[in-house]
1. Please enumerate the residues belonging to region 116-125 that are buried (at least 16 other Cβ atoms within 10 Å of the Cβ) and out of contact with any helix residue (DSSP H, G or I) (no Cβ under 9 Å at 6 or more places or on another chain).
2. Condition first: outside any loop (DSSP other than H, G, I, E, B) and surrounded by 22 or more Cβ atoms within 10 Å (Cβ to Cβ). Now tell me which residues in region 63-87 satisfy that.
3. Could you please find all residues in region 184-223 being charged (D, E, K, R) and in a strand (DSSP E or B)?
4. In the set Val397, Val375, Val360, which member is over 20 Å from the mean Cα position of the chain (by Cα) and touching a residue at least 60 places away in the same chain (Cβ under 8 Å)?
5. Look through region 167-182, keep the residues that are in contact with a helix residue (DSSP H, G or I) (Cβ under 8 Å, 6 or more places away or on another chain) and among the aliphatic types (A, V, I, L, M), and return whichever of them is most open to solvent (accessible area, probe 1.4 Å).
6. Return a yes/no flag: does region 34-50 have any residue that is surrounded by fewer than 19 Cβ atoms within 10 Å (Cβ to Cβ), in contact (Cβ under 8 Å) with a residue 12 or more places away in the chain and over 19 Å from Gly261 (Cα atoms).
7. Among the numbered criteria (1) hydrophobic (A, V, I, L, M, F, W, C); (2) open to solvent by 20 Å² or more (accessible area, probe 1.4 Å); (3) over 25 Å from Met374 (Cβ atoms), which one does Ala267 miss?
8. Just to be sure before I move on: is Ser281 in contact with a helix residue (DSSP H, G or I) (Cβ under 8 Å, 6 or more places away or on another chain) and either touching a residue at least 40 places away in the same chain (Cβ under 8 Å) or under 19 Å from Thr29 (Cα atoms) (or both) in the structure I sent?
Amino acid sequence: MPRSSIFSSAILATLAAAPFAVAAQSIATNSPVPLSTRVVSYNIDARLDTAKKSLDATEVLTYKNLTGQALNSVPFHLYLNAFRPQSTFTSETHFTGGIRDSEEDNDYPSEKLGSINISTISADGYGDLTRNMHFIAPDDGNMQDHTVAEIALAHPLAPGATITFRLAFHDQFPLSIARNGYKRDFIMGGQWYPKPGLFWHGAWNCHQYHSTTEFFSDFGTFNVHLTVPQVYVVGASGVPTSNQPNPDGTKTLGFYGEDIGDFAFAASPHFTVTDGTYASSMGPIQVHVLALACHPAAGPRYRDIILKTLGEFDRRFGPYPYKIVTIIDPEPGSQIGGMEYPTLFTGGTSWYEPTYITEVAAEHEFGHQYWYGMVATNEFEDAWLDEGINSYTEVNVLDSILGRNVSVLN
């Protein structure tokens, strides 16, 4: 079954399975009905070790088989394994002045190593599937790539049935590479959890992680709890749901997202909060900015441009349906700026404050909430649909907000 846009007729569907049930009043959106065909439901409990730049988590994932055929296996993305000397990503970046200085494994910087390791995986009614997991390389045959793993099922998953996987995994974040990792005490969790591929046009669409491609996944719900040191401030996809202090000097934060295809977070002890509210045609939207203390002017600038951008998009293309959009000001010198995730994006702050670089980056990344996020384009195979349309709308929206006669410098 093709992935459905949240603007599709599936908005009126009633999904009966318990993990996909919809509350009378949505927690995370301003819509009283589902905005997508919800294929996946995640419950993740994770603990972030900010000293070791690692994470340990358990994941309960319910997948609904809407493919119209029996499934004998399910592939999973393990994107963090791209940051290893043997990966296809590393091989590709080597030829463009990337991570390694030579073809020798020992030339790979140790601080740039990243990985995701599934220690156990089982499924209700299927038993322990850990031994059924093996790595595949559907794009280039590099069996050392390890960014895609396939789980063979003990018996077929019938059309219309659901399967609940239970996983335990460990992440090691690299020094910031390609939208991910850490820089000093700033940590960006992007593509950090095992995520199933998407069944599209009659086959699994589960590509390896490449140096010039982005992402494609099913819509669903996310219920995530993240434990961090109490001094850390966290922004994440979805709406915040809880903040529980723990006796060991940590706190456990809850986040919940509906009708989104991914979940990301950013954590830093140096975030300052700047909030605003936009009254959209569907309901109020919180503009939640986490700017670094070293950029004191950034918070209000991010907030103001996104408040105006929300108005322009609402008028031109339709309302933003989620109750929050979170803007992350990334650590200087990191490779984490200018990246979109559902209901969250990272911006880019210029050292030369009078320019509009901060505003341009924020408006552009917000635009991806529509074309990558809601319209649900395939960023891997049809990147032009996302970046092309987004660049076109960016110019028009910024013309309206900033004026057509700003200087070339700006």
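1. Answer for region 116-125, where residues must be buried (at least 16 other Cβ atoms within 10 Å of the Cβ) and out of contact with any helix residue (DSSP H, G or I) (no Cβ under 9 Å at 6 or more places or on another chain): just Ala123.
2. Taking region 63-87 and keeping what is outside any loop (DSSP other than H, G, I, E, B), we get 63-64, 71-77, 79-82.
Answer for region 63-87, where residues must be outside any loop (DSSP other than H, G, I, E, B) and surrounded by 22 or more Cβ atoms within 10 Å (Cβ to Cβ): Tyr63, Val74, Phe76, His77, Tyr79, Leu80, Asn81, Ala82.
3. From region 184-223, those charged (D, E, K, R) are 184-185, 195, 214, 218; that's our starting set.
Across region 184-223, the qualifying residue is only Lys195.
4. Numbers: Val375 fails: over 20 Å from the mean Cα position of the chain (by Cα); Val360 fails: touching a residue at least 60 places away in the same chain (Cβ under 8 Å).
Criteria check complete, one pass: Val397.
5. Leu175
6. Keep residues of region 34-50 that are surrounded by fewer than 19 Cβ atoms within 10 Å (Cβ to Cβ), which gives 43, 45, 47, 49.
Add one more test, that the residue is in contact (Cβ under 8 Å) with a residue 12 or more places away in the chain, and what stays is 43, 45, 47.
Add one more test, that the residue is over 19 Å from Gly261 (Cα atoms), and what stays is 47.
Within region 34-50 (the criterion being surrounded by fewer than 19 Cβ atoms within 10 Å (Cβ to Cβ), in contact (Cβ under 8 Å) with a residue 12 or more places away in the chain and over 19 Å from Gly261 (Cα atoms)), the answer is yes, since at least one residue qualifies.
7. With (1) hydrophobic (A, V, I, L, M, F, W, C); (2) open to solvent by 20 Å² or more (accessible area, probe 1.4 Å); (3) over 25 Å from Met374 (Cβ atoms) applied to Ala267, the lone miss is (2).
8. Working: in contact with a helix residue (DSSP H, G or I) (Cβ under 8 Å, 6 or more places away or on another chain): yes; either touching a residue at least 40 places away in the same chain (Cβ under 8 Å) or under 19 Å from Thr29 (Cα atoms) (or both): yes.
So Ser281 fits the description; yes.
The values are calculated or read from the model by the stated rules, or taken from the named source; none is laboratory data. Predicted, not measured: the structure shown is a model, and the values here were computed from it. Every residue, glycine as well, gets a Cβ built from its backbone with ideal geometry; the counts of neighbours run over all protein chains shown. Just so you know, the surface numbers come from the protein's heavy atoms only, side chains and all, with ligands and any DNA or RNA stripped out. Shrake-Rupley method; radii C 1.70, N 1.55, O 1.52, S 1.80 Å.
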